[in-house]
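Report on one structure; see the data block that follows.
The values are calculated or read from the model by the stated rules, or taken from the named source; none is laboratory data. For clarity, every value in this text was computed on a predicted model and none was experimentally measured. With ideal geometry, Cβ positions are generated from the backbone for all residues, glycine too; neighbour counts draw on all protein chains shown. These area figures cover heavy atoms from the full protein model, side chains too; ligands, DNA and RNA do not enter into them. Shrake-Rupley method; radii C 1.70, N 1.55, O 1.52, S 1.80 Å.
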Amino acid sequence: MSFPEKQRSNAWFLLPFFLGLIGGIIAFFILRRDDPRKAKNCLFLGIVMMVAGIIFNILIASSVPGMDSGFNVNI
């Protein structure tokens, strides 16, 4: 069964941009019947944002110096 394609707003790209993969999945299921191309692009954007977040977290974690076991706390 084929659904007629209807143009949807480009604001749907904000959902995966801010929510990552979860936002991409939500946008995909909402847009898949009206605008399948935009739905697929939202899903891809969600995947890209998730991978970028993981890489960013790895870079930040590797730049933080190791914690000492004492923490210089007097008890």
Would you point out which residue out of Gly53, Gly24, Gly20 is at pLDDT 80 or above and at positive phi?
-> Gly20
In region 11-27, what residues are open to solvent by 70 Å² or more (accessible area, probe 1.4 Å) and free of Cβ contacts under 8 Å to residues at least 12 places away in the same chain?
-> Leu14, Phe18, Ile26
Being open to solvent by 100 Å² or more (accessible area, probe 1.4 Å), of a type outside the set (Lys, Arg), assigned to a helix (DSSP H, G or I) and modelled with pLDDT of 95 or more, is that true of even one residue in region 28-40?
-> yes
If you go through region 41-55 one residue at a time, how many are more than 11 Å from the chain's Cα centre (by Cα) and surrounded by 15 or more Cβ atoms within 10 Å (Cβ to Cβ)?
-> 1
Looking at region 5-13, is at least one residue assigned to a helix (DSSP H, G or I), modelled with pLDDT of 90 or more, of a type in the set (Gly, Ala, Ser) and in contact with a Leu (Cβ under 9 Å, 6 or more places away or on another chain)?
-> no
